[in-house]
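Structure record follows, encoded as structure tokens.
No lab work stands behind these numbers, since they all come straight from the coordinates. Keep in mind it's a predicted model, so treat the numbers as computed, not measured. Please note: Cβ atoms are built from the backbone with ideal geometry, for glycine as well, and neighbour counts cover all protein chains shown.
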Amino acid sequence: MLPPSPPLAALSKTAAAATRRAATAAASGAARRLLQPVRSPPPIPAVTSCPIPRRRLHHMPQEENRAPPVSLPLQSRSFAVAVGAGDVDGEAPALAVVSFYRFADLPDHADFRQPLKELCQELRVSGGIILAPEGINGSICGAPDSVERVLNFIQEDNRLKGLRMIQSPVTPEDEAIHHGHSSHSPVGAGDDAPFRWDHVRVKLKKEIVTFGDPDVRPTKMVGEYVKPKDWNALISDPDTVVIDVRNMYEIRIGKFKGAVDPYTNSFREFTTWVDDQFQLAESENKKSGVHNDNGADRSAENLNASNSKQLPRVAMYCTGGVRCEKASSFLLSKGFKEVYHLEGGILKYLEEIPKAESLWEGECFVFDKRVSVDHGLAQGTHKLCYGCKQPISDEDMKSPEWEYGVSCPYCFATKSEVEKERARARQRQFETWGVIGGPDKGRSPKRLDANHAVDSQQSPNSI
């Protein structure tokens, strides 16, 4: 058993620098090994994650042992890297994309930001990470060895060990965009976060997933996790109310059969929806319909089992599981006794459950340039409207309200002509120059000339 690591805030600058240098050297060695010709490797498990004991309702999480080091499957793929004006030099390793989160009491989260960002930059790990007093949430991309080191570095803090992680497959197209080979994106080649080299965002926020209720504390109590293999039996039980806690635009392209859609535009609205729907049985004057995709309306009285003292058994799900932890904690605080949520979310279910046995209908929206994924986490068919960032289908693109890079049927009526013309201008810039803002990337040419003049005047003195 390794001794617990000291808090990140207590690391000296010298120790932190030494850690980063060692991590960088190891990652560089791994990258060199990946670039060398290799023999066909033996089969490797698809995903490795850190096991976490299941938590029972209303129980405080028990103290967990140190999580074992993360180990991602190493891969090797011949891939040319572009340098300069269309030149090609060398090869790059296959990539690993991992989404992760962990709720924890982290009042000193701001101290974690700089060392984590510097490590990601030195290891060339890209993506986005959120730090908040309630924990960490992120999605990162890079060479497998480098991603491993970042995840293990995070878990050196005892409060963050046991990250919940999902590894997604990376297609050759994803790798091309990540390495700056493609100009298929309206935001420019290689600029599709989280698949962009040397671009990591580590943000400080109040919550790792915005809920708006500070009294909801998943570190204190959450519902019971249900593994994907047990999920079908739970949601097929007629006494179980299945609730999709995602937003409308996500549910529109895919959901579990028979799930209730709360019709929320943001996760913040979920609390109001619960209060409205599950308390209506207390008032004879209030009646409302809750739509499900089986073509029938489930009344609020049915949702509440016609008895305000006997709240129903609830099974919830979301993309990766993080929103369900907060939602389940909220329901428990409201008096629900049986609250379950899908462990690993939709992504884990689509990864593990064969399509022939699946109760999932449609595709799953993801918050990166893939837009949507299907069973086996294969690339989906949906595209993204860059006017409103909502998923659109091939059928949506046949609408007269669809204009590439400007609008779609879901945002056309909400945008003014000024906004649409501004979007058209951005699209023309990209089509002409390959980047938004033209060759100056939106910066004032006069300012660039002035800066150049200043640099020219100062250069003799600096030499």
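Taking H placed 1.01 Å from N in the peptide plane, check which residues at least 5 places from Phe256 or on another chain put their amide H under 5 Å from its amide H.
For Phe256, the qualifying residues are Glu361.
Considering amide H positions built from the backbone, and no H for Pro or chain starts, which residues 5 or more places from Lys203, or on another chain, come under 5 Å of its amide H?
Excluding prolines and chain starts, which carry no amide H, the hits are Ile129, Ile130, Leu131.
Quick check: residue separation of Lys389 and Tyr263 times 0.36 nm, minus the Cα distance between them. What number comes out in nm?
Details: separation 126, 0.36 × 126 = 45.36 nm, distance 1.76 nm.
Using 0.36 nm per residue and subtracting the Cα-Cα distance, I get 43.6 nm.
Using mean Cβ contacts within 10 Å as the protection proxy, how do 367-375, 233-241, 141-149 order, highest first?
Details: 367-375: 19.3, 233-241: 13.7, 141-149: 25.6.
For the peptides 367-375, 233-241, 141-149, the packing ranking is 141-149, 367-375, 233-241.
Quick check: residue separation of Ser236 and Ser399 times 0.36 nm, minus the Cα distance between them. What number comes out in nm?
Working: separation 163, 0.36 × 163 = 58.68 nm, distance 3.68 nm.
Length gained, Ser236 through Ser399: 55.0 nm.
Amide H to amide H, which residues 5 or more places from Asp244 or on other chains are under 5 Å from it, using H placed in the peptide plane?
Sorted by chain and number, the residues that satisfy this are Val260.
FRET efficiency for Asp105 and Lys355, Cβ-Cβ distance as r, R0 = 25 Å, nearest 0.05?
Efficiency, from the Cβ-Cβ distance: 0.05.
Tell me, how many Å apart are the Cα centres for the stretch 100-127 and for the stretch 196-253?
The stretch 100-127 and the stretch 196-253 have Cα centres spaced 21 Å from each other.
May I ask you to derive the FRET efficiency for Ala378 and Tyr249 from their Cβ-Cβ distance with R0 = 25 Å, giving the value to the nearest 0.05?
Details: r = 21 Å, r/R0 = 0.84.
Once rounded, the FRET efficiency stands at 0.75.
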